[in-house]
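Q: Let me give you the structure first, and then I'll get to my questions.
The values are calculated or read from the model by the stated rules, or taken from the named source; none is laboratory data. The shown structure was predicted, so the numbers you read here are calculated from the model rather than taken from an experiment. Cβ placement follows ideal geometry from the backbone for every residue including glycine, while neighbour counts extend to all protein chains displayed. Heavy atoms of the whole protein, side chains included, go into the accessibility calculation; ligands, DNA and RNA do not. Shrake-Rupley method; radii C 1.70, N 1.55, O 1.52, S 1.80 Å.
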Amino acid sequence: MGIDLHIHTNFSDGTLSPEQVVKKAVELNLSAIAITDHDTTEGISPAIEEAKLTNIEEIPGIELNTHYYEQEIHILGYYFDYQGAYINNILKKLQQKRVDRAKKIVEKLNQLGIEISYERVRTIASGPSIGRPHIAEAMIEKHYVNSMKEAFDKFIGEDAPAYVHRAKLTPFEAINIIKQANGIPVLAHPGLLKDQSIIYDLIDNGIMGLEVYHSKHDENQTEYYIKVASENGLLMTGGSDSHGEEPLLLGTISVPDKVLSELKKSRK
């Protein structure tokens with residue numbers, strides 16, 4: 001049996017509902033999963049309720065999008081108080097920023113002759129966490145582009161004509177938010193960072209773990225991050241970063257059982 005501690009649902013930018021994720025995990029003979037939607041906790045409770053009907057353990061998780069020195073940095077949080085007012089008040093503000101940004105991007109696209117509506121983007125998003133992938137889907141639907149990549153490259157990616165900057169948390173703020181909610185902050189997919197030196201800044205500022213095992217880490221990267229985590233007393237986590245894509249990434253990453261047992265020991 002395996003574990004997968006990095007999964008997205010349709011409450012952020014995934015395509016499967018929390019219940020569908022749990023059912024897929026059962027089919028794949030997984031023993032534990034973590035729903036880690038972007039900037040929202042709303043998919044956690046449905047997953048936990050569905051998991052109660054199975055032998056699967058659902059671990060409360062989240063992925064906070066942050067920015068630091070022109071670099072996108074994602075901070076995972078585990079075992080935090082996902083129903084608490086503290087973190088959910090912060091998340092509501094982040095969701096509103098996402099909405100404001102999406103509306104501005106749609107407005108820019110309209111000015112470029114791309115006739116999509118914010119209302120349609122909102123419908124595509126379905127969950128509370130709206131983002132550029134949902135805008136890209138609306139563009140594909142109306143045949144302005146043929147793929148997500150084309151939408152980002154030509155219109156909504158950085159330096160593209162309809163790009164809109166969104167004020168984001170710093171990774172240090174995200175670490176503090178997760179800790180204040182009695183959770184465990186972990187750096188997501190460090191292998192995707194442009195500047196690896198940020199890892200040591202995060203260590204100095206209280207990060208508790210590294211996502212060592214990830215679908216976009218090769219064997220050498222995994223070995224390197226195991227070494228970094230071991231030398232700095234950090235927890236190790238791992239997951240597929242599944243978004244419900246085909247072929248499905250869920251459960252495809254081999255994550256040692258001890259990863260979860262060590263994570264549990266660090267709970268407050």
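Q: (1) more than 18 Å from residue 182 (Cα to Cα); (2) in contact with a helix residue (DSSP H, G or I) (Cβ under 8 Å, 6 or more places away or on another chain); (3) not hydrophobic (A, V, I, L, M, F, W, C): which one isn't true of residue 77, the others all being true?
A: Among (1) more than 18 Å from residue 182 (Cα to Cα); (2) in contact with a helix residue (DSSP H, G or I) (Cβ under 8 Å, 6 or more places away or on another chain); (3) not hydrophobic (A, V, I, L, M, F, W, C), the lone unmet condition for residue 77 is (1).
Q: Do we have residue 49 as out of contact with any helix residue (DSSP H, G or I) (no Cβ under 7 Å at 6 or more places or on another chain), charged (D, E, K, R) and crowded, with 19+ Cβ neighbours inside 10 Å here?
A: Answer is no for this residue.
Q: State yes or no: is residue 213 at pLDDT 95 or above, among the aromatic types (Phe, Trp, Tyr) and either open to solvent by less than 40 Å² (accessible area, probe 1.4 Å) or within 26 Å of residue 84 (Cβ to Cβ) (or both)?
A: Yes: the conditions hold for residue 213.
Q: Let me ask something additional. Looking at 140, 116 in this structure, which one is touching a residue at least 12 places away in the same chain (Cβ under 8 Å), open to solvent by less than 80 Å² (accessible area, probe 1.4 Å) and either in a helix (DSSP H, G or I) or of a type in the set (Val, Ile, Thr) (or both)?
A: 116
Q: Restricting segment 100-113 to residues that are touching a helix residue (DSSP H, G or I) at 6+ places or on another chain (Cβ under 8 Å) and surrounded by 17 or more Cβ atoms within 10 Å (Cβ to Cβ), which is nearest to residue 12 (Cα to Cα)?
A: Within segment 100-113, the match that is nearest to residue 12 (Cα to Cα) is 102.
Q: Within segment 56-71, does at least one residue satisfy the condition of being of a type in the set (Phe, Trp, Tyr) and within 28 Å of residue 199 (Cα to Cα)?
A: Yes, some residue in segment 56-71 is of a type in the set (Phe, Trp, Tyr) and within 28 Å of residue 199 (Cα to Cα).
Q: If residue 248 passes every condition in (1) of a type outside the set (Ser, Thr, Tyr); (2) part of a loop (DSSP other than H, G, I, E, B); (3) closer than 23 Å to residue 174 by Cα; (4) in contact with a strand residue (DSSP E or B) (Cβ under 7 Å, 6 or more places away or on another chain) but one, which one does it miss?
A: (3)
Q: Take residue 92 and decide whether it is in a helix (DSSP H, G or I), more than 17 Å from the chain's Cα centre (by Cα) and among the basic types (Lys, Arg).
A: no
Q: Taking segment 4-13 on its own, how many of its residues are outside any strand (DSSP E or B) and either open to solvent by less than 10 Å² (accessible area, probe 1.4 Å) or free of Cβ contacts under 8 Å to residues at least 40 places away in the same chain (or both)?
A: 3
Q: Take segment 143-173 and flag every residue that is open to solvent by less than 60 Å² (accessible area, probe 1.4 Å) and touching a Ser or Thr at 6+ places or on another chain (Cβ under 9 Å).
A: Matches in segment 143-173: 168, 169, 170, 171, 172.
Q: Would you please list the contacts, defined by Cβ atoms under 9 Å and residues six or more apart or on different chains, that run from a residue in segment 241-268 that is among the polar types (S, T, N, Q) to a residue that is modelled with pLDDT under 95?
A: Filtered contacts from segment 241-268: 242/14.
Q: Here is a list: 74, 38. Which entry is closer than 24 Å to residue 266 by Cα, crowded, with 16+ Cβ neighbours inside 10 Å, at pLDDT 95 or above and of a type outside the set (A, V, I, L, M, F, W, C)?
A: Answer to the check: 74.
Q: Right, here's the next one. Which of the numbered conditions does residue 73 fail, given that it passes all the others? Conditions: (1) aliphatic (A, V, I, L, M); (2) part of a strand (DSSP E or B); (3) within 15 Å of residue 9 (Cβ to Cβ).
A: (3)
Q: Does residue 227 count as open to solvent by 10 Å² or more (accessible area, probe 1.4 Å), of a type in the set (D, E, K, R) and either touching a Pro at 6+ places or on another chain (Cβ under 6 Å) or at pLDDT below 95 (or both)?
A: Answer is no for this residue.
Q: So, one more: So which residues in segment 184-199 are closer than 25 Å to residue 261 by Cα and either free of Cβ contacts under 8 Å to residues at least 40 places away in the same chain or in a helix (DSSP H, G or I) (or both), if there are any at all?
A: 190, 191, 199
Q: Please verify whether segment 17-28 includes one or more residues that are on the phi > 0 side of the Ramachandran plot and in contact (Cβ under 8 Å) with a residue 12 or more places away in the chain.
A: Within segment 17-28, none of the residues are on the phi > 0 side of the Ramachandran plot and in contact (Cβ under 8 Å) with a residue 12 or more places away in the chain.
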